[in-house]
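J.: Below is one structure. I have some questions about it.
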Amino acid sequence: MSKRTVVAHWPGLDDSAFGDEHKTWSSIQWATHLEDPYLEHLFAVSPNDDRRAILHLDARLHPDDRDLTGPEWAEVAHRLARAAGIELPGKKHGCRWIALQAQPGRLDLIANLIHLDGAWHAPPTDVLRRLAAEARRIEEDLQLIPVRATPSARAGSRLAPTASAQLANVLAQIADEPAGPLAAVRGLVEHVAHRISSQPGAAGGDTAHRLELIARRLHTIQQDLDATAGHLFQTRVGAAPSPVQRPAHRAL
């Protein structure tokens, strides 16, 4: 990877102590820059108590799309970073990330989820929906061929989630507390429990209590599914490199 393939990076890099030095960095120096949060914050862990902090997103053009310019690719990178929540306008202690082109028509965005202040960035629970919606807007704004117009295009060839990400999205929809299918079932169980509790006799009270316990278990299942969706999304986008072996150099 040459320095010319890096088309965008986190805004804070321009204001950091590196000055303009990063403009001549090699691939190893870029990889080291992304790995540094591991060494700077040795005890930073995810909500799942692991250190898999490398997030990898990719965007690919349809073969019949026009070539994008450097500034257009940079715009795509920043828009995807904002949709994923790793770049927040005005936030100075966000995630380190870079976007590079190792292949024509493809953009790879790589981020470290450990913030500059040591906090762990947890992607929004609806991150897959946000990315898909932003991808559609990018297609329209840059006049690209929409996915829906090319049903024969191979999976993953556009600004679309991978198979693992799609499965994570399915789990997230099932677990959705306000509108998911389990939420509807849980609401009905709670409603029946409330109606039964108002009936005379001890039997009604016991049944209502059992239904309340069922509703609680359903809520626990929703939470477990939501956590599994987040874990599937994060483990799909990369495993944490060892701070000693630094294998992330090979990934770039």
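J.: Which one of the conditions (1) at pLDDT 85 or above; (2) touching a His at 6+ places or on another chain (Cβ under 7 Å) does I145 fail to meet, given that it meets all the rest?
T.: (1)
J.: Any residue that is under 15 Å from the mean Cα position of the chain (by Cα), polar (S, T, N, Q) and not in a helix (DSSP H, G or I) - is there at least one of those in the range 84-105?
T.: no
J.: Has the range 166-178 got at least one residue that is at pLDDT 75 or above and out of contact with any helix residue (DSSP H, G or I) (no Cβ under 7 Å at 6 or more places or on another chain)?
T.: No: the range 166-178 contains no residue that is at pLDDT 75 or above and out of contact with any helix residue (DSSP H, G or I) (no Cβ under 7 Å at 6 or more places or on another chain).
J.: Of the numbered conditions (1) touching a residue at least 60 places away in the same chain (Cβ under 8 Å); (2) surrounded by 12 or more Cβ atoms within 10 Å (Cβ to Cβ), G70 satisfies every one except a single condition; which is it?
T.: Result: G70 fails condition (2) only.
J.: Determine if the range 59-72 includes at least one residue that is out of contact with any His (no Cβ under 6 Å at 6 or more places or on another chain), β-branched (V, I, T) and part of a loop (DSSP other than H, G, I, E, B). Outline the logic, then answer.
T.: Restricting attention to the range 59-72, the residues satisfying the condition of being out of contact with any His (no Cβ under 6 Å at 6 or more places or on another chain) are 59-72.
Next cut, β-branched (V, I, T) only: 69.
Then drop every residue that is not part of a loop (DSSP other than H, G, I, E, B), which leaves 69.
The answer is yes; a qualifying residue exists.
J.: Got at least one residue in the range 51-72 being farther than 29 Å from L128 by Cα and at pLDDT 80 or above?
T.: At the first step, the residues of the range 51-72 found to be farther than 29 Å from L128 by Cα are none.
Scanning the range 51-72, I find no residue that is farther than 29 Å from L128 by Cα and at pLDDT 80 or above, so the answer is no.
J.: Among the residues of the range 1-46, write down those that are part of a loop (DSSP other than H, G, I, E, B) and either closer than 14 Å to A111 by Cβ or modelled with pLDDT of 80 or more (or both). Step through it out loud before you land on a result.
T.: Of all residues in the range 1-46, those part of a loop (DSSP other than H, G, I, E, B) come to 1-2, 10, 16-20, 25-26, 41-46.
Hits for the range 1-46 are W10, H41, L42, F43, A44, V45, S46.
The values are calculated or read from the model by the stated rules, or taken from the named source; none is laboratory data. Values in this document were obtained by computation on a predicted structure and should not be read as measured data. Note: ideal-geometry Cβ built from the backbone for every residue, glycine included; neighbour counts use all protein chains shown.
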